[in-house]
Each structure stands twice: as C-alpha cells, then as structure tokens.
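Input: a single structure, listed below in structure tokens.
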C-alpha cells in the first residue's frame, strides 16, 4: 500500500510537470504569433504610408554602392535584357503593361522605374520636396496628357496624369541626370 501511494505521488507530480510544460509551450507559441501579427500589421502600415507617400532624395544614396545581391534573385523578377553596356532587369508591377525596371551599367544601378503600389499624387512629392527643377510634357508610353516632374539634385522623377495621379516613379543617381533625361524621363 505504501508503494502504491508512492507511485500515485510520482505519477501526480509528473502529470503536473507535464501539464505545466504543455501550458508553457502553448503560451509561447501563441504569444509569438501575436507579436508577429502585430509586426506584420505595423510593417504593412509603414509600407502604405512611407515609401509611396513620402518620397525623399536620400533614396538614391544607395545606388552609388556596388550591387551586392543579384537583381534577378528578387521575387517578382521577369527577365534581363542586355543592350551593350546596359542590363535592364524587368519585374512585375501593378500595371501589367508597364513592368518595373532597374537599369544597371558597370555593376551600378543608374535608373529605376517603379509603378506605385498605392495611390500617390503629385502633391505627395511637391509638398515635401518643393518645386521640381524640370517639368516636361508627354511620354512615349502614356501620351501627351502627362507631365514629367524631375528633381535633378535629388535623383527623383515621376510621371503624373492630368488629375495629378502619379503613374510611375523614377529614381536615378544625381550624377546620372543627363543619362536619365536623355534616355528615360519621357519614355
């Protein structure tokens, strides 16, 4: 009888330890999920408000560095086109007729075109950045009813329609502004 009580105590103790361990494991799994879910919501909100809503000339500082990760390893990569010294990397975008592109020369990015993920207006650029240095009319893709705004010193440009909706964003190193204006600004 004494041995039976001893086994009951050991069994009871092990059951409690096992139950507590199980509770701890469940708590750890669910609390991590809540934190990740909050981070995802926060990141999604930041993506909605910052990159497309607050353009800034400092974006081009990264372009002067050598490319570390192959551009064709990005998840929305479509194809590469080689034109002499240029490599043009194409990526799927919000507009199926107008892919995003990154143009590379001698291992450096010299131009990027991005279709905005969210509704962006010309004022989203002109309010924080001021009056653009260059304003052009027309585009070979969008026609004559669009305006191209260029901030040469900041390496930022964008194309907007008559209603002020930004159709695409351009990024280029400021030292490549002549190349940008000649080749990509109104394309």
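Each reported figure results from applying straightforward, stated rules to the coordinates on display, with no laboratory input. Only a predicted model underlies this, so the values are computations on that prediction, with no experimental measurement involved. Every residue, glycine among them, receives a Cβ derived from its backbone with ideal geometry; neighbour counts consider all protein chains shown.
Subtracting the Cα-Cα distance from 0.36 nm times the residue separation, let me have the gained length for residue 134 to residue 105 in nm, one decimal.
The residue 134-residue 105 span can extend by a further 8.0 nm.
Whole angstrom only: what separates the Cα centroid of the stretch 78-123 from the Cα centroid of the stretch 139-178?
Here the answer is 13 Å between Cα centres.
For residue 141 and residue 118 in one chain, what is 0.36 nm times their gap in residues minus the Cα-Cα distance, to one decimal in nm?
That works out to 6.2 nm of additional length.
In nm, give the distance between the simple-model label positions of residue 163 and residue 85, each being 7 Å from the Cα along the Cα-to-Cβ direction.
4.2
Does the stretch 60-183 come out rounded, prolate or oblate, given a ≥ b ≥ c as the square roots of the eigenvalues of its C-alpha gyration tensor, rounded meaning a/c under 1.5 and, failing that, prolate meaning a/b above b/c?
prolate
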